[in-house]
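These notes concern the structure reproduced below.
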Ligand SMILES: CC(C)(COP(=O)(O)OP(=O)(O)OC[C@H]1O[C@@H](n2cnc3c(N)ncnc32)[C@H](O)[C@@H]1OP(=O)(O)O)[C@@H](O)C(=O)NCCC(=O)NCCS
């Protein structure tokens, strides 16, 4: 991708067997593929933990604390705190020289948060999403990226909602689905892709959701058709997370081949706490990159 800085080649993050956690690494997380030099996208997920039990909660900025104070529901507060600690921990996993509390953010005109400081090369881009039972954070160097997670355990009429919220072709596809859970899940697939894409563009739901159309894969990759954007510039990833959640990721990778997405096991409260302990007990970069380990990577 033109203009993006290439890191020196470093070994790829190796897949971690289920349940195993890497607590210290000697190198920062790779932000570019050692093989191709293409950007790598990293995704972290975490189950929300009650406010007050999240290690690293003290890293929140004044703005974040003000937002937290304005939230009335315990469940919203838990999601917000978990997502913010996850984001700060994950950013510092990418740039271990920066303490999680140091990251400062700004908000774009349509609400998209970005890193304000410290400035890094490459520039880290991110997006976060949270829903009942899951918080997630996507980070990649330089490129636009969007993420959405939604709970599958919802009661709604997918055919009616599709007529109101999706494009005509998508609504026809939902109407033709077998019904019940299959139809509801297919609607959530469209919805998460739309939110990931609109967030990837930084527009959120100011982009009318019926104004562009997804063609769901498989067979073939999921594709976007939009009148004001080149769908071929975007790569979409989507999968079911556990029994209850759908995840969608949108990456504006341009005309390049598909990028690799590395999925990490959540930065649990225990892992964040351990990372914090490593930080204070040693100034070595090895100790300061101590976090939970990576999951599998895929295209
Ligand atoms: C951004 C938007 C799409 C949020 O969607 P959401 O599903 O409610 O929330 P998510 O958890 O996925 O994303 C929220 C995060 O997106 C980020 N975000 C906010 N505005 C954004 C924008 N314009 N572009 C990219 N990211 C944005 C923020 O980090 C926010 O988290 P925070 O508030 O804790 O800082 C919002 O514009 C919106 O209006 N949502 C309405 C959702 C809705 O109607 N859902 C119906 C489902 S059937």
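The values are calculated or read from the model by the stated rules, or taken from the named source; none is laboratory data. Computed from a predicted model, the values in this text were never measured in an experiment. As a convention, Cβ positions derive from the backbone with ideal geometry for all residues, glycine included, and neighbour counts pool all protein chains shown.
Do the conditions hold for residue 257, that is, is it assigned to a strand (DSSP E or B) and modelled with pLDDT of 90 or more?
no
Taking the range 41-57 only, how many residues are at pLDDT 95 or above and loosely packed, with under 14 Cβ neighbours inside 10 Å?
Count: 0.
Is one or more of the residues making up the range 133-141 surrounded by fewer than 21 Cβ atoms within 10 Å (Cβ to Cβ) and over 25 Å from residue 79 (Cβ atoms)?
Scanning the range 133-141, I find no residue that is surrounded by fewer than 21 Cβ atoms within 10 Å (Cβ to Cβ) and over 25 Å from residue 79 (Cβ atoms), so the answer is no.
Out of all the residues in the range 150-168, which are surrounded by 12 or more Cβ atoms within 10 Å (Cβ to Cβ), within 18 Å of residue 207 (Cα to Cα) and touching a strand residue (DSSP E or B) at 6+ places or on another chain (Cβ under 9 Å)?
Residues satisfying the conditions are 166, 167.
Within the range 74-85, can one find any residue that is away from the ligand (no atom under 15 Å from the Cβ) and under 20 Å from residue 58 (Cβ atoms)? Give the steps one after another, and end with the answer.
The initial filter retains those residues of the range 74-85 that are away from the ligand (no atom under 15 Å from the Cβ), namely 74.
Subsequent filtering for residues that are under 20 Å from residue 58 (Cβ atoms) retains 74.
Looking through the range 74-85, at least one residue is away from the ligand (no atom under 15 Å from the Cβ) and under 20 Å from residue 58 (Cβ atoms).
Can you find a residue in the range 162-176 that is out of contact with any helix residue (DSSP H, G or I) (no Cβ under 7 Å at 6 or more places or on another chain), free of Cβ contacts under 8 Å to residues at least 12 places away in the same chain and at positive phi?
No - not one qualifying residue is present in the range 162-176.
Kindly provide the set of residues from the range 61-90 that are in contact (Cβ under 8 Å) with a residue 40 or more places away in the chain and part of a loop (DSSP other than H, G, I, E, B), ordered by number.
61
Here are some conditions: (1) in a loop (DSSP other than H, G, I, E, B); (2) closer than 28 Å to residue 235 by Cβ; (3) without any contact (Cβ under 8 Å) to a residue 40 or more places away in the chain. Residue 51 meets all but one. Which one does it not meet?
For residue 51, the exception is condition (2).
Hey, could you check the range 194-209 for residues that are over 21 Å from residue 232 (Cβ atoms) and touching a residue at least 40 places away in the same chain (Cβ under 8 Å) and say which is farthest from the ligand (Cβ to nearest atom)?
Only one residue tops the list, namely 206.
Look through the range 180-193, keep the residues that are more than 6 Å from the ligand (Cβ to nearest atom) and in contact (Cβ under 8 Å) with a residue 40 or more places away in the chain, and return whichever of them is nearest to residue 229 (Cα to Cα).
193
Against the definition (over 13 Å from residue 41 (Cα atoms) and modelled with pLDDT of 95 or more), how does residue 160 come out, yes or no?
Numbers: over 13 Å from residue 41 (Cα atoms): yes; modelled with pLDDT of 95 or more: yes.
So residue 160 passes the test.
Look at the range 97-118 and say how many of its residues are within 14 Å of the ligand (Cβ to nearest atom), assigned to a loop (DSSP other than H, G, I, E, B) and closer than 21 Å to residue 29 by Cα.
1
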